[in-house]
1. How many residues, within the stretch A:390-425, are more than 12 Å from DNA strand B (Cβ to nearest atom) and among the basic types (Lys, Arg)?
2. Restricting attention to the stretch A:344-377, which residues are buried (at least 18 other Cβ atoms within 10 Å of the Cβ), out of contact with any His (no Cβ under 6 Å at 6 or more places or on another chain) and hydrophobic (A, V, I, L, M, F, W, C)?
3. Could we say that A:Val380 is crowded, with 18+ Cβ neighbours inside 10 Å, touching a Ser or Thr at 6+ places or on another chain (Cβ under 9 Å), outside the structural domain of A:Lys333 (by TED's automatic domain parsing) and under 23 Å from A:Lys330 (Cα atoms) here?
4. If I ask for residues that are part of a loop (DSSP other than H, G, I, E, B) and of a type in the set (S, T, N, Q), which ones from the stretch A:98-116 would you list?
5. Please enumerate the residues belonging to the stretch A:515-529 that are assigned to a loop (DSSP other than H, G, I, E, B) and either out of contact with any helix residue (DSSP H, G or I) (no Cβ under 8 Å at 6 or more places or on another chain) or in contact (Cβ under 8 Å) with a residue 40 or more places away in the chain (or both).
6. Give me the pairs: first residue in the stretch A:393-422 and hydroxyl-bearing (Ser, Thr, Tyr), second residue in a helix (DSSP H, G or I) and within 15 Å of DNA strand B (Cβ to nearest atom), beta-carbon distance under 7 Å, and six or more apart or on different chains, which are they?
7. With respect to A:Arg67, determine if the residue is modelled with pLDDT of 90 or more, part of a helix (DSSP H, G or I), within 23 Å of A:Val167 (Cβ to Cβ) and near DNA strand B (Cβ under 9 Å from one of its atoms).
8. Could you grab the pairs with beta carbons closer than 6 Å, sequence gap of 6+ or different chains, first residue in the stretch A:430-447 and closer than 14 Å to A:Lys478 by Cα, second one modelled with pLDDT of 95 or more and in a loop (DSSP other than H, G, I, E, B)?
Amino acid sequence: MALPKSTTFLTHLKTLTNPHCLHRHHTPPPLITLRFLSFATPEEAAAERRRRKRRLRIEPPLSSFHRSQQQSSPPKPNQNPNAPKLPETVAALSGKRLNLHNQILTLVRQNDLEEAALYTRHSVYSNCRPSIFTINAVLTAQLRQSKYSDLLSLHRFITQASIAPNVITYNLLIQTYCDCQRPDNALEQYKLLMDEAPFNPSPATYRILIKGLVDNGKFEKALELKEEMFVKGFNADPVVYSYLMSGFVRNGDSDRVIGLFEELREKLGGGEVVSDGVVYGSLMRGYFIKGMEKEAMEWYNVAVGKNEGLNSGVKMSAIAYNLVLDAFCKNGKFNEALRLFDRMMNEHKPPRRLTVNLGSFNVMVDGYCGESRFEEAIEVFRKMGEYRCNPDALSFNNLIDQLCKNGMLGEAEKLYGEMGEKGVNPDEYTYGVLLDTCFNENRIDDGATYFRKMIDLGLRPNLVVYNRVVDELVKVGKVDEAKSFFDTMVKKLKMDDASYKFMMKALSDVGKLDEMLKIVDEMLDDDGVELSEELQEFVRGELRKEGREEDLAKLMEEKERQKAEAKAKEAEEVEKAKKGATRTAISSLKYFGNKGAEGETPDNTDAVEAEPQVGEEENVEEATAVESNLKEDGVETEARNDGANEQVTA
DNA sequence: ATAGGGTTAG
């Protein structure tokens, strides 16, 4: 007996995933977007984004001399005798401390961040303190891998230990909060820097903070910060303007986009043009939004020149070009895009001048797909090798996704095969798209095979993907196979009531009530899982059909009895062990006496020995980083203030 | 030696 088609699990799930559906009848049922099919957690998605960013950064910067143009901030006079300590200078990195630094850097390079952080903490109370440079290096690595809670925890630790932070430490922390979508905390850190630190923010502080504010929709605040930059004596930064402009483009606020460009031009000396090409893509989009094509094209000619080698001195990096390219693709000017792309490839003269990068190809792939020219999209995708650009998983996924959505699963699978050949690892997203499409095209077994492959590779399918697979298998009557996936995933996923219920119903429908009860049994055994009233009611209902309604109560009673028994036994053990325990406690107290680290919780033996943790215990998993960040953060700010106080009184 | 120079597709 299969589930009636109209009430498949997926439809049910779609209703569940939209909170509005429960109340508002006019809301159309939402679709599960592919985003949900990819990463196990949002943090993993963030980590991947960061890794990719890092990879892209390996390409050499276009003009390294640009860097030297940045003014270094003037030192703040240090009037207050109680003012916080100045951070150490590089001179501190010598001898033993340099040695320590290099050891920790080695750990970071080996990607053993846990060990690196541990070693850093451990050294804080040793006779060889880590310098702020060492700490920053660890924090940087943690940020790159989105280990936010680890980062905040280490930061809190060094603050408590009165190690003076420098601008980079602040910037890292601000970046962290921005990445965690906590712009208010980022602003708090900025304020702290302004009020407490014996140095000024750097131009990078503003870049990081303003980008974070824009990305989090805090436009007004971002504009305020831009103004503060001038107050601090910094020049107008085209990068900051480009962040603001693309934010307003996203928001459809074309007047602001154009206004910002004019302002930048003014600030840079009122010349004809802004010589940094990064702002022109957004400027053009601003005009496109207003339907002012002519103006958009005029600025295009200014930035890029009507003919090759004939522009007004605007420096166009690959990224600046890509923004223009994308502006064309998204505004019905694909032919212009093609022409520009051609030109970019001609100008590309590595290693001196790089005008094409991976992003260029990605933009063009999207451009072709937007025109439904899929064959050519594949063609241009393949072409990137000639320009020493290597597609990453996201590039592959993007194209695979577009092909799948347009009935070209076969082509998509070919590309999937190429990933393997090129040593690009397919990820959760790749498999999510492929199996989803297989199911849509009724290739149920192939879909299930992709799922299995995913597990075999150690990838972590999320609940949405799991639900989809199980749903499809049950639909075609493969309940046992579905159950086997349930068994593997029940340990790995936090299943919700709906997922439990679905599997139970499927088993009940094929008359496997005992297997259904076995699931209940295991749920009762698992302290992390709660058997809700509703689920109990459901189980009773299913049992009732076979006249076995009492079985659930019996099972639950039996479990209660077992638990009580176990408890009694435990109490007995405790009683027995009491005398011995007193002895142990005394000996460990001795141990603590020598350490005497501040802020310790003396009942946490392991932590003190290996890792002198401050404040409450934290066994925060990366998977719950966002939630624990909330927790972390409360303590974080608190600890930071404590630290400041300590510094003042020191 | 430690932040940052920007984009796109999820």
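1. Residues meeting the conditions: 2.
2. Across the stretch A:344-377, the qualifying residues are A:Met344, A:Leu354, A:Leu358, A:Phe361, A:Val363, A:Met364, A:Val365, A:Cys369, A:Phe374, A:Ala377.
3. It is false that A:Val380 is crowded, with 18+ Cβ neighbours inside 10 Å, touching a Ser or Thr at 6+ places or on another chain (Cβ under 9 Å), outside the structural domain of A:Lys333 (by TED's automatic domain parsing) and under 23 Å from A:Lys330 (Cα atoms).
4. A:Gln110, A:Asn111
5. Correct list: A:Asp526, A:Asp527, A:Gly528.
6. Close Cβ pairs satisfying both conditions: A:Ser395/A:Leu358; A:Ser395/A:Asn362; A:Tyr416/A:Ile400; A:Tyr416/A:Thr430; A:Tyr416/A:Leu434.
7. When the stated conditions are applied, A:Arg67 does not pass them.
8. A:Ile444/A:Val476
The values are calculated or read from the model by the stated rules, or taken from the named source; none is laboratory data. On a predicted model such as this, the values are computed, not experimentally measured, just so you know. Ideal geometry is used to build each Cβ from the backbone, glycine not excepted, and the neighbour counts take in all protein chains shown.
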